[in-house]
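Asker: Next up is a structure, given as C-alpha cells.
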Ligand SMILES: CCCCCCCCCCCC(=O)SCCNC(=O)CCNC(=O)[C@H](O)C(C)(C)COP(=O)(O)OP(=O)(O)OC[C@H]1O[C@@H](n2cnc3c(N)ncnc32)[C@H](O)[C@@H]1OP(=O)(O)O
C-alpha cells in the first residue's frame with residue numbers, strides 16, 4: 001500500500017460522521033432509527049462534509065430504506081430558480097449509495113434513470129427517499145423519490161447498482177463494457 005492507496009474500513013456505524021480523511025469505507029449494516037449515516041467519504045460530491053462544492057447530504061436509515069431532507073441552492077441552478085437536472089441526479093445517485101448501509105456491501109452505479117415530473121425549486125425543502133426494490137445476486141435494483149412539503153412527488157429514479165469488491169477501487173485498468 002502506498003501513500004496514495006485508499007484505506008478501508010475506517011469507521012464504525014453510529015451517530016458520528018466518518019473521520020476527516022478520504023478512504024474507502026466499509027458498509028456495515030446500520031439499524032433503522034440510528035443517527036445520520038456516515039458520509040461515503042469526507043470529500044464525496046454528494047455527502048462529503050469537507051466538500052464546499054458538494055451537496056453535503058445527510059442521510060438516515062429508516063424502516064424502508066434511507067431518507068434525507070435537502071434544499072438545493074444557488075450553486076445548483078439550471079434554469080432560473082430551478083435546480084439543474086444533473087445536480088438532482090447527483091443527489092439521487094448519492095442517496096442510492098447510502099442503501100449500501102442496508103446491505104453491508106460495496107457497490108457502484110451501473111445504470112441510473114431519472115423522471116423529472118415537476119421542477120425541483122431552489123431554496124425549497126424536499127424529502128428524498130430510497131429503497132431496495134429487489135436484489136438479484138450482485139445486482140441491486142433501487143428506487144427513489146423526491147417529494148415536496150405538500151407530499152407531491154416531483155422526481156422519481158431507478159438505479160442498478162452492482163456489488164463490487166474492494167479491488168474495484170484499487171485498479172486503474174478498467175475496460176469499458178459494450179452492451
Ligand atoms: C470510495 C467510495 C466507495 C463507495 C461507493 C459508494 C458511493 C456512492 C456514490 C454514488 C454512486 C457512484 O457514483 S458510483 C460511480 C459511478 N459508477 C461507476 O464508476 C461504475 C462504472 N462501471 C463499472 O465499473 C462496471 O460496469 C461495473 C463494476 C458496474 C459492472 O461491471 P461488471 O462487473 O463487469 O458487470 P456487467 O457485466 O457490466 O453487468 C453485470 C450484470 O448486470 C447486468 N446489467 C448491466 N446493465 C444493466 C441494465 N442497465 N439493466 C439490467 N441489467 C444490467 C448485466 O447484464 C449483467 O448481468 P448478468 O449477466 O451478471 O446476469
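Please treat every number below as a calculation from the coordinates, not as lab data. The structure presented is a predicted model; accordingly, all values stated were derived computationally and were not measured. All Cβ positions, even for glycine, are placed from backbone atoms using ideal geometry, and neighbour counts span all protein chains on display.
Asker: For the stretch 128-156, enumerate the residues that are more than 18 Å from residue 97 (Cβ to Cβ) and within 17 Å of the chain's Cα centre (by Cα). Walk me through it before giving the result.
Answerer: First pass over the stretch 128-156, keeping only residues more than 18 Å from residue 97 (Cβ to Cβ): 136-137, 147-154.
The answer is 147, and nothing else.
Asker: Considering the stretch 33-65 alone, what residues qualify as being more than 12 Å from the ligand (Cβ to nearest atom) and buried (at least 19 other Cβ atoms within 10 Å of the Cβ)? I'd like the intermediate steps shown before the answer.
Answerer: Filtering the stretch 33-65 for residues more than 12 Å from the ligand (Cβ to nearest atom) gives 33-36, 49-53, 56, 58, 60-65.
Scanning the stretch 33-65 gives 61, 65.
Asker: Could you please find all residues in the stretch 158-173 being surrounded by 12 or more Cβ atoms within 10 Å (Cβ to Cβ) and either away from the ligand (no atom under 16 Å from the Cβ) or not in a loop (DSSP other than H, G, I, E, B) (or both)?
Answerer: To start, the set of residues in the stretch 158-173 that are surrounded by 12 or more Cβ atoms within 10 Å (Cβ to Cβ) comprises 158-164, 166, 168-170.
Selection gives 158, 159, 160, 161, 162, 163, 166, 168, 169.
Asker: Suppose the filter is surrounded by fewer than 15 Cβ atoms within 10 Å (Cβ to Cβ) and out of contact with any helix residue (DSSP H, G or I) (no Cβ under 8 Å at 6 or more places or on another chain); does residue 99 pass it? Walk me through it before giving the result.
Answerer: Working: surrounded by fewer than 15 Cβ atoms within 10 Å (Cβ to Cβ): no; out of contact with any helix residue (DSSP H, G or I) (no Cβ under 8 Å at 6 or more places or on another chain): yes.
The answer is no for residue 99.
Asker: Among the residues of the stretch 79-116, which ones are more than 8 Å from the ligand (Cβ to nearest atom) and over 18 Å from residue 45 (Cβ atoms)?
Answerer: If the condition is that a residue be more than 8 Å from the ligand (Cβ to nearest atom) and over 18 Å from residue 45 (Cβ atoms), then 79, 80, 81, 82, 101, 102, 103, 104, 105, 113, 115, 116 are the ones that fit.
Asker: Counting just the residues of the stretch 131-157 that are crowded, with 16+ Cβ neighbours inside 10 Å and within 11 Å of the ligand (Cβ to nearest atom), which one comes out nearest to residue 64 (Cα to Cα)?
Answerer: The residue in question is 142.
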